[in-house]
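Presented below is the structure to which this report refers.
Values quoted throughout were computed directly from the atomic coordinates according to the rules given, and no laboratory measurement underlies them. The structure displayed is predicted, hence computed values, not measured ones. With ideal geometry, Cβ positions are generated from the backbone for all residues, glycine too; neighbour counts draw on all protein chains shown.
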Amino acid sequence: MEAKDSARRWQAIQVRHLEALRAIAKERSFHEAAFRLGYVQSAISSQLAQLEAVAGVRLIDRASGTARVELTAAGELLLRHTDEILARLEAAQADLDSLTARHANIVRVAGLDLLPPHWVAQSLTLVRDRCPLARIHMVESPRQRDGRTGHDDADLTILGVDVVAAERTTLLYRDPPVLLAPRMPDLPKTSSLITADALRRLQPIVPRSDQELCDHLEAIGVKPHPAIKPGTAATAEAMVSAGIGHAVAYQSQLSNSSATTTVVGLGHLLPSHALAVTTSEAAADRPAVRTVKEALRETCAVHVAEPPDSELPARAA
């Protein structure tokens, strides 16, 4: 029973009691110890008295006629443990502060896979240069969450502008649809002459991976070529360059248009493919999140711009 009472008594010790003992040991004065900790002297005296009551022994010798104080043998012994206890607490605080800082620099992004891989790489390079401590964590693509305006586990979510709510949202780009054709003298030079009927007769090649574009074409009565269905826009572009046919793709998908092809805008017939990035309310004020969002916006602006409805300049590789 006595051991249990003693244990309960020692549980009453508070960190401020140990800090008072350490300050007194360093300053050898109640007055200076109080000044060091920002207390009045009576508060330091009270804290030490509570510590001595718990310990059951005197910890300080108070010599009469002098302001100087000395630790007793028991005080010296407890001070060694005090230094170790307070050092461990300070280490714990530093570890937790570091953990909080690391979490503040982790930016969880949903939908990065909606961007071309080299755009993602360029964005991450910008982030690394501007915020070296930032860490990007990719989370589940929002394409699997119909009708959602964000992602529960993401700080930033990349989605089509027809899905994303306007609040805390930045447009990343509008990627216009274009017609890629073999360069021939009789090809119209302005897209205003490219009608839906003319496009229908061309039976354009469309990458089979681009279902969104196929849906938009079918909405205006244009069916892609029934036999030629390349897997990527790059293959479709190569076919056009070889004179096999015409292709419809989004501007950003063109990688190496040459002197043998002509690119004509189709913005008057088909909607642009547009993506935006939305920020979760909880992450809106974090510097690392703002840095990543701005890097994504700048990278997309370099690669895509809404063109006029006329012949577009050939894109460099």
Amide H neighbours of residue 172 under 5 Å, counting only residues 5+ apart in sequence or on other chains, H built in-plane at 1.01 Å?
-> 275, 276, 277
Mind checking the dipole of region 177-271: about its Cα centre, +1 per Lys or Arg Cβ, -1 per Asp or Glu Cβ, Debye to the nearest 20?
-> 200 debye
Compare the peptides 235-241, 133-139 by average per-residue count of other Cβ atoms within 10 angstrom and give them in order, highest first.
-> 235-241, 133-139
Once amide H atoms are placed 1.01 Å from N in the peptide plane, what residues at a sequence separation of 5 or more from residue 72, or on another chain, have their amide H within under 5 Å of its amide H?
-> 60, 61
With a ≥ b ≥ c the root eigenvalues of the C-alpha gyration tensor of region 177-271, is it rounded (a/c under 1.5), prolate (a/b larger than b/c) or oblate?
-> rounded
Each residue of region 17-30 in turn: what ³J(HN,Hα) in whole Hz from Karplus with 6.51, -1.76, 1.60 and θ = phi - 60°, glycine and Pro shown as x?
-> 5, 5, 5, 5, 4, 5, 5, 5, 5, 6, 8, 6, 7, 5
Amide proton proximity set for residue 138, modelled H, under 5 Å, gap of 5+ = 109
Quick one: if you stick a label point 7 Å off each Cα along the C-beta vector at residue 70 and residue 96, how many nm between them?
-> 3.9 nm
